[in-house]
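Below is one structure, written out as structure tokens, with a few remarks after it.
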Amino acid sequence: MTPAIEITTDRSRIDVDLVHGLLSTSYWASGRAREVVEQSIQNSLCFSAFRDARQVAFGRAITDRAVFAYIADVFVIPECRGQGIAKALIRSMLEHPDLRNLPVMLLRTRDAANLYSQFGFQPLRRPEEVMGLYR
Ligand SMILES: CC(C)(COP(=O)(O)OP(=O)(O)OC[C@H]1O[C@@H](n2cnc3c(N)ncnc32)[C@H](O)[C@@H]1OP(=O)(O)O)[C@@H](O)C(=O)NCCC(=O)NCCS
């Protein structure tokens with residue numbers, strides 16, 4: 001059952017300290033500076049879930065809103081996990097008017113593939129055609 005939460009794309013409501021703090025504990029963004037988190041928020045379509053007045057989840061889409069989006073930095077605060085909040089957040093991302101018609105969306109995940117596969121995400125069709133620049 002989806003708990004009573006509100007999901008918004010209003011960047012002004014984001015609890016940046018919370019987002020930065022949770023990302024600091026993640027396996028993919030542990031050293032990310034607060035200013036970098038702020039800049040990433042500023043330049044993304046961000047989704048925040050609130051229960052009462054408290055932010056309980058976050059995720060963002062890096063997108064041109066025309067042909068492509070990359071989903072990043074998805075988390076639910078530890079004490080609210082296992083209640084369907086991530087699924088509600090992903091659903092609202094995929095249904096957003098600027099994202100729902102995009103032909104391709106990508107994301108990376110180490111251990112949450114089963115979360116995203118429920119929404120149609122699958123392993124890359126031709127991973128040998130995808131490249132990365134790491135620095
Ligand atoms: C992964 C995370 C966002 C899931 O949030 P959540 O609110 O607990 O997830 P939900 O309750 O909406 O349900 C998750 C669903 O995905 C599945 N799942 C797959 N991998 C999972 C994982 N690593 N963690 C939690 N659920 C996972 C669950 O089994 C569940 O499916 P079900 O309802 O069919 O049983 C949360 O555990 C989290 O913030 N983890 C730390 C950050 C992280 O790893 N983010 C994802 C980066 S890609």
Item to check | Cβ-placed point charges (K, R +1; D, E -1), dipole of the chain about Cα centre in debye, nearest 20 | outcome: 240
Checklist entry - Seen from all sides and averaged, what is the projected area of the convex hull of the Cα atoms in the range 21-135, in nm²? => result 8.2
Item to check | Simple Cβ-charge dipole of the range 80-119, Lys/Arg +1 and Asp/Glu -1, about Cα centre, in debye nearest 20 | outcome: 140
Item to check | Filtered chymotrypsin sites (Phe, Trp or Tyr not before Pro), the range 1-110: DSSP coil and at most 16 other beta carbons within 10 Å | outcome: Y27, W28
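Which of the trypsin sites (Lys or Arg not before Pro) found in the range 13-116 are in a DSSP loop and have at most 12 neighbouring Cβ atoms, other than their own, within 10 Å? Don't skip to the end; give the middle numbers.
Values: sites: R13, R32, R34, R51, R54, R60, R65, R81, K87, R91, R100, R108, R110; in loops: R32, R65, R81, R100, R108, R110.
Passing both the DSSP loop test and the Cβ count: R100, R108, R110.
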Checklist entry - Over what distance in Å are the Cα centres of the range 97-135 and the range 37-80 separated? => result 16
Checklist outcome for this item: antiparallel share of DSSP beta bridges within the range 51-135, to nearest 5, in %, is 65
Checklist outcome for this item: Placing one equal point scatterer on each C-alpha of the range 9-83 and summing with Debye, one gets log10 I(q)/I(0) at q = 0.14 Å⁻¹ equal to -0.43
Checklist entry - Hey, could you pull the Cα Rg and Dmax for the range 78-135, both in Å? => result 13.7, 39
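Charges only on Cβ, +1 for Lys and Arg, -1 for Asp and Glu: so what's the dipole of the range 1-79 about the Cα centre, in debye to the nearest 20?
Details: 8 positive and 10 negative charges, 22 e Å.
Dipole about the Cα centre, nearest 20: 100 debye.
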Item to check | Apportionment of accessible area to carbon and sulfur, the chain, percent (1.4 Å) | outcome: 50
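The values are calculated or read from the model by the stated rules, or taken from the named source; none is laboratory data. The structure presented is a predicted model; accordingly, all values stated were derived computationally and were not measured. As a convention, Cβ positions derive from the backbone with ideal geometry for all residues, glycine included, and neighbour counts pool all protein chains shown. Surface accessibility is based on the protein's heavy atoms, side chains included, excluding ligands, DNA and RNA. Shrake-Rupley method; radii C 1.70, N 1.55, O 1.52, S 1.80 Å.
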